[in-house]
Amino acid sequence: MRALIVAPDAPGRLRIAEVPDPTPKPGECLIHVEAVSLNRGEVNQIARVAAGTVLGWDAAGTVIQAAAQDGPAVGTRVVTNGPARGWAELRAVDVRDLAELPADVDIGAAAALPVAGVTALRALRVAGSLLGRRVLVTGASGGVGRFAVQLAHRAGAYVIAVVGSEARGAGLTTLGADEIVTSIDVVTRPVFAVIETVGGQMLATAFGLLEAGGSVISIGAASGQATTFSPYSTVGPHRSLVSFTMRGEDGSIGQDLAYLAGLVQSGALDPQIAWRGSWERSAEAVQLLLGRKINGKAILDITR
Ligand SMILES: NC(=O)c1ccc[n+]([C@@H]2O[C@H](COP(=O)([O-])OP(=O)(O)OC[C@H]3O[C@@H](n4cnc5c(N)ncnc54)[C@H](OP(=O)(O)O)[C@@H]3O)[C@@H](O)[C@H]2O)c1
């Protein structure tokens, strides 16, 4: 099969090349991949991993070999997630980490869901009941952020979206943001929860905005910056800084993926695809994502 391998001498350090086909382990099925999405976390890895590595967490396509015991039949359209090797024509994937797709859910829309969508969903669950509560979403223009705004709104929260510029916040009101701000410094009223993806001083400022009993769910650090807390800023009524990983204690993500795919089908969730093109254009997509030029998700179609 062909896959997108890390190649230090190629534009964007990625090249399409022949690699061995995957061999499914027990409990895995084999899928013919049609679309994948890019996540900042894995795109950052391109600069760090060995030449020849096949990255890729999110991939959607069609089952061509079913798992022995369980899982979808050959011909089923699915969205999948795994630790790597999704950016390829074929993927072997654990049947607990996929969801069958309703017939009218587009394959590219499905590919946008796993890491960004499930992260937003699970981070909001960690925050607790949001009905009537103020929720701040940082990095709200990005992949996780745009899902978090929609799902927090759906959960009954008053949503404040922090973005880098007005242009980066385009469309967020329609998605459910009650306020869009281009600096966290203009937020003055306390919030119950923060879905925090930016890190650096954003994290410390967000913690300072918490009401008693509130929490910052620390998902990422897109800024790559360190955080400094002023003396005594972490002292006082109980507030929490909660570490987060998508897999967390909930383990496999198939059930949550199916929930999100259902929301997409009913029109209740928009995957916010901001860029879509052939995987031959991966370098362009990577550059735009790292340059904060993608308002949502970037999708690569695995063209043959
Ligand atoms: N813990 C987990 O399981 C988990 C899961 C998913 C993602 N993550 C992490 O969460 C973060 C967001 O992921 P994502 O896929 O949503 O990324 P993304 O689509 O690139 O969004 C990140 C957002 O951060 C904002 N940002 C602010 N300052 C930035 C800076 N200096 N450099 C880059 N971006 C900056 C950008 O918004 P503006 O341009 O509008 O400021 C951007 O939209 C990443 O750190 C990722 O590794 C963690």
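Couple of notes before you dig in:
- Simple spin-label estimate for Leu288 and Ala10 in nanometres, 7 Å along Cα-Cβ: 1.9
- Relative contact order of the chain, defined on C-alpha pairs under 8 angstrom at six or more residues apart (%): 19
- Applied to the range 47-63, the Karplus parametrisation 6.51 cos²θ - 1.76 cosθ + 1.60 on θ = phi - 60° returns per-residue 3J(HN,Hα) values of 7, 10, 8, 5, 4, x, 5, 9, 8, x, 9, 10, 8, 10, x, 10, 5 Hz, with x for Gly and Pro.
- Mean residue ellipticity (222 nm) of the chain, computed from DSSP H runs ≥ 4 via -39,500 (n - 2.57), nearest 500: -6500 deg cm²/dmol
- In order through the range 91-105: 3J(HN,Hα) via Karplus (6.51 cos²θ - 1.76 cosθ + 1.60), integer Hz, x for Gly, Pro: 9, 8, 9, 4, 5, 7, 10, 9, 9, 6, 9, x, 4, 9, 8
- Reference-scaled alpha-carbon Rg (2.2 N^0.38 Å with N residues) for the range 118-243: 0.94
- Karplus 3J(HN,Hα) series, Hz, for the range 262-273 with 6.51 cos²θ - 1.76 cosθ + 1.60 (x for Gly, Pro): x, 5, 5, 4, 7, x, 7, 9, 10, x, 6, 7
- Summarising the amide proton neighbourhood of Leu38: residues at separation of 5 or more, or on other chains, whose placed amide H is nearer than 5 Å comprise Ala298, Leu300.
- The range 174-206 and the range 62-104: distance between their alpha carbon centers, rounded to Å: 36
- Distance between the range 123-170 and the range 10-32 - C-alpha centres, whole angstrom: 34
- Charge sum, other residues only, whose C-beta stays under 14 Å from Gly82's C-beta, Lys/Arg counted +1 and Asp/Glu -1: 0
- Where both bridge residues fall in the chain, DSSP classifies roughly 55% of the beta bridges as antiparallel.
- Charge tally in the Cβ shell below 12 Å around Glu280, where Lys, Arg are +1 and Asp, Glu are -1, Glu280 excluded: +2
- Charge sum, other residues only, whose C-beta stays under 11 Å from Ser252's C-beta, Lys/Arg counted +1 and Asp/Glu -1: -2
Each value in this text was obtained by applying a stated rule to the coordinates, not by laboratory testing. In this text the structure is predicted, and so the values were computed from the model without any measurement. Positions of Cβ are backbone-derived with ideal geometry, glycine not excepted, and every protein chain shown enters the neighbour counts.
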